[in-house]
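Taking it in order: structure first as structure tokens, then the write-up.
The values are calculated or read from the model by the stated rules, or taken from the named source; none is laboratory data. Just so you know, these numbers come straight off a predicted model, no measurement behind them. Methodologically, a virtual Cβ is constructed for each residue, glycine included, from the backbone with ideal geometry; neighbour enumeration extends over all protein chains shown.
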Amino acid sequence: MSPEQPKSPFESEQEARPAAPADSKLELGDAGGKLADADTSASEDEALPLLKSPMVTRAPFILVNEMCERLAYYGIATNIITYLTGKLGQSNSSSAAAVNAWSGTCYVTPLLGAFIADAYWGRYWVILVFSLIYMGGLGMLSASAGDSSLHPPAGEAATGSQLGFFWAAMYLIAVGTGGIKPCVSTFGADQFDDSKPAEAKLIPRFFNWFYASINVGAIVAATVIVNIQTNVSWFVGFLIPTVAFAVATTVFVSGTRLYRRMPPAGSPFTRMARVIAGAFAHCKAKVPEDATQLHEVEGEMSVVPGQVKLGRSPEYKWLEKACTVTKPAGSPDRWLVTLTEVEELKCIVRLLPVMLTLIVYNSVYAQMTTLFILQGEGMDTQLGSLNVAPATVSVLDSISVIIWVVLYDMVIAPFFQRRGRPISQLVRIGIGYAVACLAMVVAAIVEICRLQVVKDNNLQDSDPTAPGAPVVPMSVWIQIPQYALIGCSEVFSMVGAYDLFYSQAPDGMRSTCMALQLLAGALGSYLAAALVSIVQVISNGSWVPDNVNDGHMDYFFWMMAVLMALTLVVYVFIARSFRYKQITHDTVDPEAMGLSPDGRGALAFSIGVVRSMSADIQDGMPRQDSVERHYKLDGSLSGPALSLARRRSARSGPVVLTAVVEEPADKDIADTKQEAPAL
């Protein structure tokens, strides 16, 4: 980079990049400037020490906040239908419908929170303000259970005013969680400067532990909180989540002076609408082949506050009509936008097919909280002298997630990085899809075995949920493999999706993209419910009857396995054609060098090798010759890496800088946050 360019508050002495305009300046607490310099100024030849990285200095505030918030949320959501039917005297059907509507709202309101964060307030203030709303709802809910005037006497139904107070509390919680959900994970990843390789490589690790913290909170809620609510006191059972969330907010605020904050970039929906309107307005324009002829501002920063200019990508050429100059220089054109604004919309469009496949995956994931539990009700739930509720068995999923997060973060990912083949985001998601398909196969086999036991004991006409019904002599713990596989699939698919939707989202639309991922979860649940309803009509209720001993849930599991397998096939085609976003650079930088001009693949080398190769390329040496020279001189590349480099560097085209590198421990192939997969 040019030494005369001004530095942003987050750049070290060794690294400088042009600063954003004054109105888009990144925010940092009073202590943050010193922290940024201390934490991220490691020399480019050394890896950033973990204890001085944002993973230790900033991320723990967000991780503890998320764990406590999820404990509060699941502590309410897991058992709220029991409170409605028991304490408030509501019917099963009306309670189920009301809870479903509330749950759906919890996954729609993230769109509101994401919009406010990206457009106006920024993620920090949205998290803080919506946390206060959330806290108010939890306090009202505790009051509903603790104040005798806000709930009916035992055995009576709640009055209209009592129900109104209760649902006011619940929908405050829905609004609060909606503001937090799309922002907290994105805000956590914002603490890592992705322009610095040593920090960028830690972003996937942050998402691993972020997802683990969600499941730690869920385990405590499903075991401790639910038991207190059912067997001790509803007031105490609601008060604990309230206190937990107060702790979450306190921990979050305590890190304020250290946080790295990204500025709001204005309404993302307005920018997308302007691009579409501009493309229609310039529909007769001919898009130039030369990208320099498309409208763009000078310098490295774009017109979008805080957004580095994005390079041109070859897809969706029609949208580029919006940034095609159609009038003489100096003439006003209200429909003209910049290339970066067009590329922002392209980034969103590229993520939509992945989002559609996530909807199907989430419909498979939803079986864990529905049909898996129904299957468990038809088994022996004894654990020694304890009778375990089938719903409690689902905690095995959260335990599996935590185990797989540790394995992935400490064993699997480092193993492939050392071999020079790090697992890309898209490959990681695809692996999760395959594991989810396998989980459905295992669930179907377990159900076949269960039905055979039922037949052998002549229990077809015995409803296992009826009081005094004979127990099917088959332990519920045989479900462990299917829960473990679902947990494994989450660590690959869900965490991979977090990373993908964050890294490939434009800087000014990251909360919005995270809200789209959350929306895929809600739509997946709706799809699962729709599939059950459709199957019930087609099979006349024989697949999933009220008496599971006389049904065929195995057929439904096989259907979901086939659906997931077909989705995986479609996903492979989507992933192979997926093009990662490209950030333009003026030089061949030792910290960002890609050998794939089409943006679909990237290969990184050690700092020393890249420095030398950068000099070769700047002197006019073809990239393939430089690769061969370094391999012959000092064996800098291993055999597999050289083969990959030969294939990629043989392509013609400009050098596109898409990968980040760091000095590897073995001085061979760099551990890298790979920006593009090779499926």
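Hey, does the range 446-468 have a residue that's over 12 Å from N549 (Cα atoms) and surrounded by 17 or more Cβ atoms within 10 Å (Cβ to Cβ)? Yes, there is a match, as at least one residue in the range 446-468 is over 12 Å from N549 (Cα atoms) and surrounded by 17 or more Cβ atoms within 10 Å (Cβ to Cβ).
Table: residues versus (1) assigned by TED's automatic domain parsing to the domain that holds A575; (2) free of Cβ contacts under 8 Å to residues at least 24 places away in the same chain; (3) touching a helix residue (DSSP H, G or I) at 6+ places or on another chain (Cβ under 7 Å); (4) within 22 Å of Y365 (Cβ to Cβ).
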site	(1), (2), (3), (4)
G496	yes, no, yes, yes
D499	yes, no, yes, yes
D507	yes, no, no, no
M514	yes, no, yes, yes
V535	yes, no, yes, yes
S542	yes, yes, no, no
V548	yes, no, yes, yes
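When each of K52, K87 is tested for being of a type in the set (D, E, K, R), out of contact with any strand residue (DSSP E or B) (no Cβ under 9 Å at 6 or more places or on another chain) and surrounded by 17 or more Cβ atoms within 10 Å (Cβ to Cβ), the lone residue that passes is K87. Residues in the range 163-199 that are part of a loop (DSSP other than H, G, I, E, B) and surrounded by 22 or more Cβ atoms within 10 Å (Cβ to Cβ): Q191, F192, D193, K196. I need the full set of residues from the range 221-247 which are surrounded by 15 or more Cβ atoms within 10 Å (Cβ to Cβ) and not β-branched (V, I, T), in order please. The answer is A221, A222, Q229, W234, F235, G237, F238, L239, P241, A244, F245, A246.
Listed by first and then second residue, the pairs linking a residue in the range 249-263 that is over 21 Å from M67 (Cβ atoms) to a residue that is of a type in the set (V, I, T), with Cβ atoms under 9 Å apart and 6 or more places separating them unless they lie on different chains, are M262/T186. In summary, helices (runs of 4 or more DSSP H) completely within the range 471-556 and bearing 2 or more residues that are farther than 30 Å from M379 by Cβ occur at 495-503, 510-538. Out of the residues in the range 354-404 that are under 25 Å from the mean Cα position of the chain (by Cα) and small (G, A, S), state the one that is nearest to T78 (Cα to Cα). Here the answer is S394. Scanning the range 336-351 for residues that are of a type in the set (A, V, I, L, M, F, W, C) and free of Cβ contacts under 8 Å to residues at least 60 places away in the same chain returns L336, L339, V349. Residue pairs whose Cβ atoms lie under 6 Å apart, separated by 6 or more positions or on different chains, with the first residue in the range 200-218 and surrounded by fewer than 24 Cβ atoms within 10 Å (Cβ to Cβ) and the second modelled with pLDDT under 85 and of a type in the set (A, V, I, L, M), are A200/V660.
Pairing each residue of the range 112-139 that is surrounded by fewer than 19 Cβ atoms within 10 Å (Cβ to Cβ) with any residue that is not in a helix (DSSP H, G or I), provided the two are 6+ apart or on different chains, yields C-beta distances under 6 Å for Y120/P264. Restrict the check to the range 100-108 and report whether at least one residue is touching a residue at least 24 places away in the same chain (Cβ under 8 Å), within 22 Å of the chain's Cα centre (by Cα) and buried (at least 21 other Cβ atoms within 10 Å of the Cβ). Among the residues of the range 100-108, at least one is touching a residue at least 24 places away in the same chain (Cβ under 8 Å), within 22 Å of the chain's Cα centre (by Cα) and buried (at least 21 other Cβ atoms within 10 Å of the Cβ), which makes the answer yes. Could we say that L319 is aliphatic (A, V, I, L, M), farther than 30 Å from K181 by Cα, outside the structural domain of G217 (by TED's automatic domain parsing) and within 29 Å of the chain's Cα centre (by Cα) here? Yes: the conditions hold for L319. If only residues of the range 367-405 that are surrounded by 15 or more Cβ atoms within 10 Å (Cβ to Cβ) and free of Cβ contacts under 8 Å to residues at least 40 places away in the same chain are counted, the one that is farthest from L451 (Cα to Cα) is A389.
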